[in-house]
1. Going by what's in this entry, would A37 be described as at negative phi and in contact with a helix residue (DSSP H, G or I) (Cβ under 8 Å, 6 or more places away or on another chain)?
2. So, in segment 84-124, of the ones that are of a type in the set (S, T, Y), within 21 Å of M69 (Cβ to Cβ) and surrounded by fewer than 17 Cβ atoms within 10 Å (Cβ to Cβ), which residue ends up modelled with the lowest pLDDT?
3. State which residue pairs qualify: first residue in a helix (DSSP H, G or I) and inside segment 41-55, second residue of a type in the set (G, A, S) in any location, beta carbons under 7 Å apart, and separation of 6 or more residues or different chains.
4. Give the residue, chosen from V31, V49, V21, V81, that is surrounded by 14 or more Cβ atoms within 10 Å (Cβ to Cβ) and at pLDDT below 95.
5. Of everything in segment 1-20, what is part of a helix (DSSP H, G or I) and over 10 Å from the mean Cα position of the chain (by Cα)? Give them in sequence order.
6. Taking the options V78, V119, name whichever one is under 17 Å from the mean Cα position of the chain (by Cα), part of a helix (DSSP H, G or I) and free of Cβ contacts under 8 Å to residues at least 60 places away in the same chain.
7. Can you name the condition, by its number, that F42 falls short on among (1) under 21 Å from L2 (Cα atoms); (2) of a type outside the set (G, A, S); (3) buried (at least 17 other Cβ atoms within 10 Å of the Cβ)?
Amino acid sequence: MLEFLFLLIIVGAGTGGELCVSRAMKVVGEVHDFRPAALVRFVFLAMRVGWMWLGIALMTLAFFSLLAMLSIENVSFVVPVTALSYAAGALGAMLLLHERISTQRWLGVLIVCLGVTLVWLSRR
């Protein structure tokens with residue numbers, strides 16, 4: 001049961017963090033100037049967007065949950081089941097960022113979910 005809770009936190013917080021950072025970067029825009037001073041300005045600009053901080057906080061929560069899950073489960077189980085974040089990412093991108101997801105991508109997500117199911121059913 002604890003594994004399931006950690007998996008939910010890893011997938012939910014990790015994907016939520018990625019979606020928040022993506023939204024922040026859409027506010028900030030692309031990097032066009034790769035000189036060191038321009039990159040520093042870009043980072044400071046990104047750090048002024050609230051979505052960036054929320055994303056960093058959520059990804060931090062996901063990371064520490066991953067560490068906790070690795071302390072109670074084998075890595076050969078943890079890494080494959082956390083691939084469920086690919087499905088959550090596609091769903092979140094569609095619902096929250098209004099991205100269009102092709103049928104081919106949804107088929108790939110389905111295949112990943114089937115693989116996660118097989119791994120989950122194979123645990124001890």
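The values are calculated or read from the model by the stated rules, or taken from the named source; none is laboratory data. Everything quoted here is computed from the prediction, not taken from an experiment. When we count neighbours, we look across all protein chains shown, and the Cβ atoms used for this are built from the backbone with ideal geometry, even at glycine.
1. The answer is no for A37.
2. S122
3. As it stands, the answer is A46/A24; W51/A24; M52/A24; M52/A46; G55/G17; G55/A24, since those pairs meet every condition given.
4. V81
5. L2, E3, F4, L5, F6, L7, L8, I9
6. V78
7. Among (1) under 21 Å from L2 (Cα atoms); (2) of a type outside the set (G, A, S); (3) buried (at least 17 other Cβ atoms within 10 Å of the Cβ), the lone unmet condition for F42 is (1).
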